[in-house]
Every structure is written in C-alpha cells, then in structure tokens.
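Since the structure comes first, as structure tokens, the remarks are kept for the end.
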Amino acid sequence: MTTKRSTVISALYILITAFIIAFFFPREGIFRYQFNEGKPWRYNLLTAPGDFPIYKEAAEIEAAKDSIRKNFEPYFRYNAEEENIRMENWQDRIAVLQEAGIPNAELRYINKKLHEAYKKGIISSSDFELMNKENRTHITVLTNSVAEVKTLTDFYSVKSTYEEIINNAPENINKGILKGCNINEYLTENIFYDAETSNKILEDQIRNIPLSSGMVQAGERIVDRGEVIDKHTYSVLRSLKIVHETKSGGTQRQNIILTGQFVLIFGIMACFGLYMATFNPRIYFKRKNLTFILSCILGACLISEICVKYSLFNIYILPFAIIPIVIRTFFDSHTALFTHLITVIICSLIALFPFEFLLLQILTCIVVIFSLKELSQRSQLIKCSLFVFLSYVIFYLSLVIYQEGEFSKINGEMIFYFSINFILLMFSYVLIYVLEKIFGYLSPITLVELSNMNNPLLKKLSETAPGTFQHTLQVSILASKAGEKVGADTQLIRTGALYHDIGKINNPAFFTENQKDFNPHEKLPFEQSAQIILSHVTDGIKIAEKAHIPKAIIDFISTHHGKGKTKFFYNSFRNANPDKPVNEKVFTYLGPNPFSKETAILMMADSVEAASHSLKDHTDESIKNLIDKIIDGQIDDGLMKNAPLTFKDIEAIKSVFLERLKTMYHTRVSYPDLKNQDKSKEKTVHEETITADPHHNAE
C-alpha cells in the first residue's frame, strides 16, 4: 500500500527534475527560422515586423577597420621651445666665432641652414624608424591646434640635417671650417610623435565605422517561400535575427520569459507524474524506478538545451530514440512511449522546427516500440538502430516532398545528421549493460542469456544433479505459465526457476530426485538431515554470488522456501520424539518469504511439482487436491503474506498448475464396466472400449 509520504517524495523528485530542466532552459527568444545563403526559403512570405538596420557582417567590418589602420596618418606636434633655446645659443656663438676668425660667409650659411631645417621640421630617428616599420608615408602635424598632413620624407632627422649642411655646402664654403663649428650642438627635434592623440583619433575613426549598410522599413517584403536566398537577402535575414535576439534581452522581458518557461515545464512534468501515479504506480512509488525514468528525461533535455544554447551541433544528431530503447528494455512499452513523448515535447520548445521535430521523433519512437516488442537478443538492438535510421530518412524525405513538392529542396546534410544519430544509437547496446549494473535491473536479454543451457552453472547442475535439473525445468514451465496468467514477468520467473535449486550442486545425493537405490538420510539423525536440506539455499546464494548472478535471480534462491520448514524431517522428528522439545530453527529455512508475484509463484510451483511425484495415481481429483493442500498450507503458514497476489490470482495459478500437471502426467478418465451382463459379453464390451481409447493405444 502506498503511503502519503511516498507520494510526496515522488512528487518532489518530479518537481526537482522540472526545476533543473527549466533552470538550464535557453533564456533568449529563439529565432524560429533557419536559412542559408544559396538555399531556398522554406517558409511562407516574410515581411519586416518593424524598422531595423541591415547589419554588416563581421568580416566586412573587420576589413573596414584594417583599411582605417592602414591609411591612418599618425599625429605629431610642433614644439619650438627647444628650438628657440638652441637658436639663441647659436646667436650668442656667432660673435665668439667671428672673433676666432671664422669667415662671415660660413656663419651666414650655417645660420641660413639652421633656420631652413627648423622650419621644415626635425623628427627623431626612433620616430622615423617607427613610421617606416608601420609603412607610413604621411603624417599629420599639429601646430597651434591646426592640423596639416605632410609627407614623411619632407622632414629631417638631426643626423640628416647635419649631413645636409655639410655635404651640400657651396664651393665657396669651406667644409672643414663648417665641421669645426660644432653644428650638432645647435640641432634638436622640434616635431614629436603624439601617441596618445594618434591612438585616440584612430579609435574614434574605428568606432565611427557604420555597422549597417541600409535600413529595412516596417512591412517591407523580405523573402517568400521557394525563393533562393541571395547575399542581400541573407544579410537582411541575419540582421532580423540579431534584432530579434537583442530585443529578447532586458530584465523585465527575461523575467516574463522565465516565468512562462517554468510554468510550462512544470505543467508538462506534472502530467508525467499524474500518468505514472495513475497507470504505473510500480514506477511512481518506487524511488529507484522513478529516479531512472527521470534521469532519462533530464539527461536528454539538458543535452538538447546545451546543444541549442551554444549552437554546438544540429539537434537531430542527438539519439532521442535511445530513451524508448532503454526504458522498453527494463519496463513496458507504454512507459517507454509516454516517457519519450514527454521528453520530445519539452525539447521541441527549443527546436528550430518544432512540428517537424515532434513528428520525426514520435514516429521513430513507435518504430522502436514495435521492433522491440519481443526483446530477447542483443542483436535486436542493432536492428532497431537501423530501423530508426531508415525511419528518420524515409519520414524526412516524405515530409520535405509533401511540404515543398520538389526533390531539389531536400537537405543532404540531414541524412548526414541521421547517420551520426545512428552511430550514437548503436551504443545503446553498451549503455543498457552499464545501466543494469548501476540500477540493478535485469533486461530480458540478460535473462535469456542466463537461461541458456550452456551457461556454466546450469551445465554443471545438469551434470552433477540431473534429477534436480529436470525438476527445475518442470518448475520453470509451471511457474512461467502461471506468471503469464496473472501478468507477472514470465522471463524472470523462468530464469529464476532454473537457478532456484543451484545449491544442490554441493550435495546432490541427499535430494530425492537424484537418488536411485540408496538414501543417505537413512543413517543420519533428523536434525542433521534437515540441516543438509536447509543448506541448499545458503549454498545456492554463495554459488550464485560467486558466479556474479544478478540479485533479482538470487532472490528466487533465497525465497523459494521462504521461512517454511523441512516438514518431512520436522514431522518425522515430532513423531519419533513426541515428548522431546523441538528446536524450530533446526528445521526452518532462513527466508525471507516471497515478496513479489514472481517469487511467490515460484514457491508454489516448486512445492507442487516436487509433491506431484509422490502421488500414486495422477487423476484430476488427486492433482487438484494436492495443489489445494500445498498452496493453502503455504498461505496458512503466512509464507505469502508479503506477496502482492489476490485470491483471484491464486485461483488462476491453481488452475494453470492443474492443467499443466495433467498434461505432464497424461491423466485420463477412468471408464466404468457394464453391470448385469454375462462375463463374456462384459469382456467383449470392455475390450472394445479399450480399443477406442487413443491415449491407451499411444501408451
């Protein structure tokens, strides 16, 4: 019986899952169109929802920046302060040089050249090197806030000024005298590079680059269905997308979007919770099962959200079909279908084409459910992956042809995405194995593999204890048929039945079905015999654990006798020692009692099949009485109190046992002899009756 507490905890798990999904949901409004230059427009007529600029592409803007940097003319400033000092020093020096006998012609020449050089401008050698390195041919000189563009080669450096004065002196000027005048002392830079002003103006010019190349007016036609998107239209669409995503920002708008997302996702997950609580309480009220299902939903949604939010890859690469594959492997088809439906509905909220996305995902899920209807081999997973790939391709091609009416509009990239999806889906083979270990589940595939008669444990059982092996086969038939009748997991029962007596491998001769002419219990006290019989359960658990048999199968070993008694030895001891106190533990199995439909059915089938061999006459009535006696006795002993079986289920199980045992022992109706007839006639009639019995003839 489910409690209020378990209901609240399960609801809390679902709410936490919904919160995580909503928290990582993309916040910006999604631009609902996908387009590529040179491809046809797949949607109806699109007009501008409002005025917006046609933004230039990043490469175009970067090219404009490079052009500005290349043609930029760095700024220099004219500073006459140092020049005036040097010229005043020169004027003072002239009188000294005259007294020293320097001719006036040389002095006038030097004075003239100094004025010419300063007027033209002298720049430092380091600034010259910097400008040449940047391939600058022109510079802008600021003189009293007046800017003038000049050619770089028009300026002097201190060195070139000195060389100009000496090397280009007229013939009447003595170069030796010029060199002796120490002209270098009166030369200095008067044009200086202004890095701060240059960088500021360059940044302003770059900042002022127009980001758009035009405007689109509200209501203006952009593109219509089927038109090939040219370069201009592509720029317009790209600009519309930028405007749309930009307008999606803002605190108030984001809060509204966030509220809508949370309410919508919580609503979808609430529907999931209601479905599970109503139609599949086995999952909803069992934390391990609910955690597993919610993990599948959460994982798929988070990967989709990250994929779309950061534009990592196309959403069709994600193998959504792996969800129904995994869930169908461990649960039923209805749960797999509904879980997948909830997942893809949430993911469709962020998909670019929600209708197409939902259509393809739901159809492929249906293909998965049908292809795994009877899951018994791992190779079926590979076939299922192939069917999913073919379904994607066929449904996509059909949808495009239906919508567009032209084969040329099929996007070949989608086939590539489906191929990657197929490759990823192939890993479901490995994923199922990993999930079995993490959650402790048993897939039908593993059960089939465990029930293979070539399994080392079963092979050893058949060789060491052939009678026990035949017993387990008969029990598996009885139990699986009964399980099918009451809606239990027949494959689990069948496999559990094959292993339930595996502990008899250690002492096969002490069990009746393996004995021939000698019974070793005849020489043992009842207590010791009981302990040997009881030990086959604990030995079986140890053997199974050592062989890494799953816990779900070991449960059949530990519960197939529950906390019942070895009644043969217990009753024998009581009869032989009526006045002696009995130690109940010596004759009682450790248990636990069966706690599931499957383990309870196995206990019934095991006891009924074993006891059926003790019947002297296998008639319908004797078999029915035996079944009623054993099963009713188990119920009276409290062995079935934890099993989720109804009285109706138990009656159905009894009827199946009766039919199967009748078939096993070939029961037939006894024919009465005729009365008041002479012996010869009676004999004749009786012979005719026997001849007419096909069962008798067959024997």
- Among (1) under 20 Å from Thr197 (Cβ atoms); (2) open to solvent by less than 40 Å² (accessible area, probe 1.4 Å), Glu134 falls short only on (2)
- Message: Can you say whether Val149 is modelled with pLDDT of 90 or more, more than 20 Å from Lys179 (Cβ to Cβ), open to solvent by 70 Å² or more (accessible area, probe 1.4 Å) and β-branched (Val, Ile, Thr), as far as the supplied structure shows?
- Response: yes
- Extreme residue, farthest from Lys485 (Cα to Cα), among residues of region 604-623 that are in contact with a Phe, Trp or Tyr (Cβ under 9 Å, 6 or more places away or on another chain) and in a helix (DSSP H, G or I): Ser612
- Out of the residues in region 97-128 that are closer than 18 Å to Thr153 by Cβ and among the small types (Gly, Ala, Ser), state the one that is surrounded by the most Cβ atoms within 10 Å (Cβ to Cβ). Ala117
- Query: When you look at Phe266, is it aromatic (Phe, Trp, Tyr), part of a helix (DSSP H, G or I), more than 23 Å from Val434 (Cβ to Cβ) and open to solvent by 50 Å² or more (accessible area, probe 1.4 Å), yes or no?
  - Reply: yes
- Task: Assess whether Glu189 counts as being of a type in the set (D, E, K, R), over 22 Å from Phe72 (Cα atoms), touching a residue at least 40 places away in the same chain (Cβ under 8 Å) and surrounded by 14 or more Cβ atoms within 10 Å (Cβ to Cβ).
- Result: yes
- Task: Go over the candidates Thr329, Thr343, Thr339 one by one and state the one that is farther than 20 Å from Val400 by Cα and at pLDDT below 90.
- Result: Thr329
- Task: Output the residues belonging to region 200-217 that are of a type outside the set (A, V, I, L, M), farther than 23 Å from His232 by Cα and open to solvent by less than 80 Å² (accessible area, probe 1.4 Å).
- Result: Asp204, Gln205
- Message: Looking only at residues that are hydrophobic (A, V, I, L, M, F, W, C) and more than 60 Å from the chain's Cα centre (by Cα) in region 72-94, which one is most open to solvent (accessible area, probe 1.4 Å)?
- Response: Ile85
- Do we have Ile183 as open to solvent by less than 70 Å² (accessible area, probe 1.4 Å) and under 30 Å from Lys113 (Cβ atoms) here? yes
- Item | Candidate set: region 637-668, residues that are assigned to a loop (DSSP other than H, G, I, E, B) and hydroxyl-bearing (Ser, Thr, Tyr); chosen: the one nearest to Thr588 (Cα to Cα) | Thr646
- If you take the residues of region 380-398 that are without any contact (Cβ under 8 Å) to a residue 24 or more places away in the chain and more than 22 Å from the chain's Cα centre (by Cα), which of them is farthest from Lys409 (Cα to Cα)? Ile394
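The values are calculated or read from the model by the stated rules, or taken from the named source; none is laboratory data. Remember, predicted model here, so these are calculated numbers, not experimental data. Don't worry about glycine lacking a Cβ; one is built from the backbone with ideal geometry, like all the others, and counts go over all protein chains shown. In case anyone asks, the SASA skips ligands and DNA or RNA and just uses the protein heavy atoms, side chains included. Shrake-Rupley method; radii C 1.70, N 1.55, O 1.52, S 1.80 Å.
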